[in-house]
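Structure, as structure tokens:
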Amino acid sequence: MRGAILYAPGDIRVDERDDPRIEKPTDAIIRLSATCVCGSDLWPYRGIEAVNGPAPMGHEYVGIVEEAGSDVRTVKPGQFVIGSFFASDNTCEICRAGYQSSCIHREPIGALGAQAEYLRVPLADGTLVATPEVPSADLVPSLLAASDVLGTGWFAAIAAEVGPGKTVAVVGDGAVGLLAVLAAKQLGAARIIAMSRHEPRQKLALEFGATDIVTERGGGGVARIKDLTNGFGAHSVIEAVGTQESMMQALRSTRPGGHMGYVGVAHGVALPGEELFFSHAHLHGGPAPVRRFLPELIDLICNRQIDPGKVFDLELPLDQAAEGYRAMDERRAIKTLLHP
Ligand SMILES: [Zn+2]
């Protein structure tokens, strides 16, 4: 089969890879209907994260079950399924508490490479959720968004305790930040401030429910959030970047007693203890337990109540994955969908 492989920073190619096969009776093989490039794929692509030899890429996927292992009970061949970036058993104590991305048996999908024609999904019963029927093609991008960026934005909003009447600030205007805006709107936020300086992303944030746009960053951005909230800061702040600057911007935008949900994969972040101590902020985040939210998100999408697939502003055949990465790296595209 064909699949994207990262050979070195900036060098991504679609090459022949071995067809995946059932390795454990709990595995399933899916034929991908669509896959995509994640903001987090750009860390190794940019060389900020080490690349150790040729690595298959991709961890966002929707597709049709091709084959199920002998122990798989909840999904069967022919069904359209969605999973997330960690396979999980969905039965251990951590999973049952809603933290499937820390499942004691978790397996990273990224290592298996979902930017390909086929994918082996471990722990298929716990990982995959089937749609009621095979969805029409126009729903596929939104269902694919649920696999990571929507689920991650949703978790960020839950972690930041977004709710009715609250003022929410979102740091980061990538797909996750934009979908955190959508989540905040769904969860009833009164005011949603999107921090973005890119016009197409501001437009999408407003479509998803943002009420205010702040273009300033760092200290200037924090000052604007304070201006908009009677000097208090926001009740709920979502951090969707993962840098020192964005984490500090989020922390300083949170009012005392407020909540900050951080989902940008942290790179070189060190929070100053004294400032953390005096902030009186609640901090929660990490790799989103997307599996917890999948049934609800699939319902919202299939009933056409939300349209998170709008974050895909570039669609390419899988063979042109390199251009998909480049476009995102150069911020010409918010998010690239790949057709296997
Ligand atoms: Zn588990």
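When the alpha carbon gyration tensor of the chain is reduced to an equivalent ellipsoid, the three semi-axes, largest first, read 33, 21, 19 Å. Note on region 59-160: Cα-Cα pairs beyond 18 Å make up 48% of the total pair count.
Of all the C-alpha pairs in region 127-175, what % are more than 14 Å from each other?
On the way: 745 of 1176 pairs.
Pairs farther apart than 14 Å: 63 percent.
Across Gly53, Gly261, Gly174, mean-square fluctuation computed from a Gaussian network of the chain (C-alpha pairs under 10 Å connected) peaks at Gly53. For the chain, a simple Cβ point-charge model (Lys and Arg +1, Asp and Glu -1, everything else neutral) yields a dipole of about 860 debye relative to the Cα centre.
With one equal scatterer per alpha carbon and no solvent term, the Debye-computed log10 I(q)/I(0) for region 1-96 at 0.14, 0.20 1/Å reads -0.65, -1.10. Residues in region 121-126 carry Karplus couplings, in order, of 10, x, 6, 4, 4, x Hz; the curve used is 6.51 cos²θ - 1.76 cosθ + 1.60 with θ = phi - 60°, and Gly or Pro positions show x.
Could you tell me what a quarter of the Cα convex hull surface of region 13-68 works out to, in nm² with one decimal place?
On the way: hull surface 19.8 nm².
With every direction weighted equally, the projected area is 4.9 nm².
Largest first, how would Glu93, Glu16, Glu315 line up by accessible area (1.4 Å probe)?
Glu93, Glu16, Glu315
Which of the trypsin sites (Lys or Arg not before Pro) across region 59-168 are loop residues per DSSP, with 15 or fewer other Cβ within 10 Å? Here the trypsin sites (Lys or Arg not before Pro) that fit, given the DSSP loop and packing criteria, are Arg73.
Under a 5 Å amide H cut-off, with hydrogens placed 1.01 Å from N, Glu117 pairs with Arg2 among residues at least 5 apart or on other chains.
Excluding ligands, DNA and RNA, the accessible surface per residue across the chain is 41 Å² with a 1.4 Å probe. Between helix 290-302 and the chain there is an angle of about 90 degrees, using the helix long axis and the longest principal axis of the Cα atoms.
Shown for the chain: lysine pairs separated by 8 or more places, or found on different chains, whose C-alpha atoms are under 19 Å apart, numbering 8.
Remark: region 238-247, residue by residue, has Karplus-estimated 3J(HN,Hα) of 10, 10, 9, 10, x, 10, 4, 5, 6, 5 Hz, where x stands for each Gly or Pro and the curve is 6.51 cos²θ - 1.76 cosθ + 1.60 at θ = phi - 60°.
Any idea what the relative contact order of the chain is, in percent, if you count C-alpha pairs under 8 Å spaced at least 6 apart?
Computed value for the chain: 19 percent relative contact order.
Here the dipole of region 89-188 is about 260 debye; that uses its Cα centre as origin and unit charges on the Cβ of Lys and Arg (positive) and Asp and Glu (negative).
Here the Gaussian network model covers the chain, with springs between Cα atoms less than 10 Å apart; of Gly218, Gly151, Gly172, Gly218 fluctuates the most. Ligands, DNA and RNA aside, Ile306 has an accessible area near 20 Å² when probed at 1.4 Å. Converting phi to 3J(HN,Hα) with the Karplus coefficients 6.51, -1.76 and 1.60 and the offset θ = phi - 60°, region 151-156 yields x, 6, x, 5, 4, 4 Hz in sequence order, with x at every glycine or proline.
Percent of accessible area on region 217-340 owned by carbon and sulfur, 1.4 Å probe?
On the way: 2870 of 5580 Å².
That fraction is 51 percent.
Place the peptides 85-91, 224-230 in order of packing, highest mean first, counting for every residue the other Cβ atoms within 10 Å and averaging per peptide. Intermediate results must be reported in sequence, preceding the final value.
Values: 85-91: 22.1, 224-230: 17.0.
For the peptides 85-91, 224-230, the packing ranking is 85-91, 224-230.
When a/c reaches 1.5 or more, the comparison of a/b and b/c decides; with that in mind, is region 142-284 rounded, prolate or oblate per its Cα gyration tensor? Because its axes are fairly even, with a/c under 1.5, region 142-284 counts as rounded. For Val62, the amide hydrogen comes within under 5 Å of the amide hydrogens of Ser33, Ala34, counting only partners 5 or more places away or on other chains and with H modelled in the peptide plane.
Given charges of +1 on the Cβ of Lys and Arg and -1 on the Cβ of Asp and Glu, with all other atoms neutral, how large is the dipole of region 181-340 about its Cα centre, in debye to the nearest 20? Intermediate values should be presented prior to the final figure.
Values: 18 positive and 18 negative charges, 64 e Å.
It works out to roughly 300 debye.
Given the options Ala266, Ala159, Ala34, state which has the largest fluctuation in a GNM of the chain using a 10 Å cut-off (strictly under) for Cα springs. It is Ala266. When all protein chains stay in place and ligands, DNA and RNA are ignored, the 1.4 Å accessible-area order of Glu199, Glu296, largest first, is Glu199, Glu296.
The values are calculated or read from the model by the stated rules, or taken from the named source; none is laboratory data. Quantities reported herein were computed from a predicted structural model and do not represent experimental measurements. All Cβ positions, even for glycine, are placed from backbone atoms using ideal geometry, and neighbour counts span all protein chains on display. These accessible areas exclude ligands, DNA and RNA; they are computed on the full protein's heavy atoms, side chains included. Shrake-Rupley method; radii C 1.70, N 1.55, O 1.52, S 1.80 Å.
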